[in-house]
Amino acid sequence: MGTVHAKSLDPLPMHGRDLGVNPDDLMEPPEPEQESKQEILENKDVVVQHVNIQGLGRTKEDLLGYEISEVFHAKNLIDVMKKSHIARQRLLRLGVFKEVEVLIDTSEGSDALPNGLDVTFEVTEVKRLTGSYNTMVGNNEGSMVLGLKLPNMFGRAEKLTFQFSYGTKETSYGLSFFKPQPGHFERNLTLNMYKVTGQFPWSSLKETDRGVSAELNFPLGMTNHTLKWEGVWRELGCLARSASFAVREESGHSLKSALSHTLSIDSRNSAIFPSRGALFRLNQELAGYTGGDASFLKEDFELQLNKRLFWDSVLSASLWGGMLCPIGGQPSCIADRFYLGGPTSVRGFGMYSIGPQSEGDYLGGEAYWAGGLHLYTPLPFRPGKGGFGDLFRTHFFLNAGNLCNLNYGEGPRAHLQKLAECIRWSYGAGIVLRLGNIARLELNYCVPMGVQSGDRICDGVQFGAGIRFL
């Protein structure tokens, strides 16, 4: 919670040997002002007269007024402490302060009320410029990553971030500007410019994207929304000389301009190890109507339900699904299709190795679904309970899914029938490790079932790391 200081108004207790003297006879009568202040802690009603912020440099005061205004509405001392703590959390959330301390004291001065309080926030601003330097080493490759950040750029919680990566095989960069709405941090605008290169060995594909994007985030009732426009110049190439002809066909340059909307409702108590609550996310993307070569409509969703059972065990059910519909009669691009399989989706199969393929290269599909059922339990005998051991869970899972291409001239019944054919599924057990509240590691023993010709399986031990798991 941080440090909250409140001035004590109670006299110090007197201790010692009984000398037969009444202590009240030795004490001078208190002054009326002290007596009135003594009643503040006993009075149910208090008035917050002043809220001060000390330590400001480049931060604008009008930005902070939205974050601390609720403190003035407190009615008693406990309420003042609660609202001050909430205000402190809101100030830290802005990302412009390194430390925020709270001091609550009685009001002083000619305008002081008998039940008046002053609240002071002592803040320490972050540096104008921060940087980071990292190196990454892999198999026959290495890279240097340089990051620069300018927080609170114009004094109203704006943030400019630059990241540059120089490697033996690729070079990438990203420049991002973040601007929140004063008083409503959840409403924010992000502008991005980037160049990024990705290698996808399951498809023998290499993709280099150079693009710009604008993203608007805002809450609406119980839902959160993201509106995004992205314009990207894509360069596709073969990762290996042995790439299939179907992948070579996709090679070349293309322009993609797309509008997307994401709606999400998240009532889970944790993103990695939820024990209760649900998640629903719906994403829609429309490409081609604002220019570019790619033209399609893409929809996908994610649903997750969690229920706490006995002995700290949790039952979790997940369902994913999506469909891509090309527009204008042109075929979909390999970079826009869905992929399925691997330790983060249908376990027991190789990474993205389910569905259409050509000469060993997986081409993705225009429709998919995947479902999972998990039982999470604490480690046997609860080692490290209340500490390091709480980062681990054992889990038993059952996964299933399918990925295919659809003939959009057929009706919905034919589409559902095709998605229900050749279902891949697997079951197994493993150990899960939580990394903060953003990612997790899994070590599982998997038994793949429903394997089709061309699928690549991982029968036995499988390791996975990621931020999104089925």
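The values are calculated or read from the model by the stated rules, or taken from the named source; none is laboratory data. Since the structure is predicted, the reported quantities are computational estimates derived from the model, not experimental observations. Virtual Cβ from ideal backbone geometry, glycine too; neighbours counted across all protein chains shown. Accessible surface areas use protein heavy atoms only, side chains included; no ligands, DNA or RNA. Shrake-Rupley method; radii C 1.70, N 1.55, O 1.52, S 1.80 Å.
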Backbone HN-Hα couplings from phi across the range 429-439 [Karplus 6.51/-1.76/1.60, Hz, Gly and Pro as x] | 8, x, 10, 10, 10, 8, 10, x, 10, 10, 8
Provide the FRET efficiency to the nearest 0.05 for the Thr171-Arg128 pair, computing r from the beta carbons and using R0 = 22 Å.
-> 0.20
Per-residue HN-Hα couplings for the range 346-362 [Karplus 6.51, -1.76, 1.60; θ = phi - 60°; Hz; x = Gly/Pro] | 8, 5, x, 10, x, 4, 6, 10, 10, x, x, 8, 9, 6, x, 9, 8
Diffusion coefficient in µm²/s returned for the range 99-229 by Stokes-Einstein, Kirkwood Rh over C-alpha pairs, 10 °C and 1.306 mPa s, is 83 µm²/s
Per residue, accessible area of the chain with a 1.4 Å probe, heavy atoms of protein chains only, in Å², comes to 56 Å²
Fraction of accessible area attributable to carbon and sulfur, the range 386-470 (%, probe 1.4 Å) | 63 percent
Along the range 246-251, what does the Karplus equation 6.51 cos²θ - 1.76 cosθ + 1.60 (θ = phi - 60°) give for ³J(HN,Hα), rounded to whole Hz, x for Gly and Pro?
-> 4, 6, 4, 4, 7, 5
Provide the net charge surrounding Ile467, with neighbours chosen by a C-beta distance below 15 Å and charges set as Lys +1, Arg +1, Asp -1, Glu -1.
-> +2
Please give the FRET efficiency for Leu297 paired with Ser251, using the beta carbon to beta carbon distance and R0 = 30 Å, rounded to the nearest 0.05.
-> 0.75
Could you size up the charge dipole of the chain around its Cα centre, putting +1 on the beta carbon of Lys and Arg and -1 on that of Asp and Glu, and report it in debye to the nearest 20?
-> 1980 debye
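Counting only protein heavy atoms, what percent of the accessible surface of the range 149-296 is carbon or sulfur at a 1.4 Å probe? Don't jump to the answer; show the numbers that get you there.
On the way: 4510 of 7630 Å².
Solvent-exposed carbon and sulfur of the range 149-296 make up 59 percent of the total.
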Given 20 °C, 1.002 mPa s and a Kirkwood radius over Cα pairs, the Stokes-Einstein diffusion coefficient of the range 94-145 in µm²/s is 136 µm²/s
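Protein chains only, probe 1.4 Å: how do Tyr194, Tyr166, Tyr368 rank by accessible area, largest first?
These residues rank, largest area first, as Tyr166, Tyr194, Tyr368.
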Using Cα-only point scatterers and the Debye equation, what is log10 of I(q)/I(0) for the range 201-284 at each q in 0.22 Å⁻¹, rounded to two decimals?
-> -0.96
If each K or R counts +1 and each D or E counts -1, the residues other than Leu279 whose Cβ falls under 12 Å of its Cβ total +2
Percentage of interatomic Cα-Cα distances in the range 281-375 larger than 22 Å = 42 percent
Qualifying lysines (Cα of each under 20 Å from Cα of Lys206; at least 8 residues distant if same chain) | Lys169, Lys195, Lys256
For the chain, one quarter of the surface area of the C-alpha convex hull, expressed in nm², comes to 32.2 nm²
Taking a threshold of 24 Å on the Cα-Cα distance, which of the pairs Lys82/Lys307; Lys98/Lys159; Lys82/Lys127 fall above it?
-> Lys82/Lys307; Lys82/Lys127
Quick one: grab the alpha carbon gyration tensor of the range 378-421, order the square roots of its eigenvalues as a ≥ b ≥ c, and give me rounded if a/c is under 1.5, else prolate or oblate depending on whether a/b is larger than b/c.
-> prolate
Computed on Cα atoms, Rg of the range 297-428 relative to 2.2 N^0.38 Å comes out at 1.30
Which whole-number percent is the relative contact order of the chain (Cα, under 8 Å, 6+ apart)?
-> 8 percent
Local electrostatic count at Ser254 - Lys and Arg +1, Asp and Glu -1, tallied over other residues with Cβ under 13 Å = -4
Quick one: helix 77-93 against the long Cα principal axis of the chain, what's the angle to the nearest 10°, folded into 0 to 90?
-> 40 degrees
For the range 44-106, would you read off the P(r) tail past 20 Å as a percentage of all alpha carbon pairs?
-> 24 percent
Let a ≥ b ≥ c be the square roots of the eigenvalues of the Cα gyration tensor of the range 429-470; is it rounded (a/c under 1.5), or, if not, prolate (a/b larger than b/c) or oblate?
-> prolate
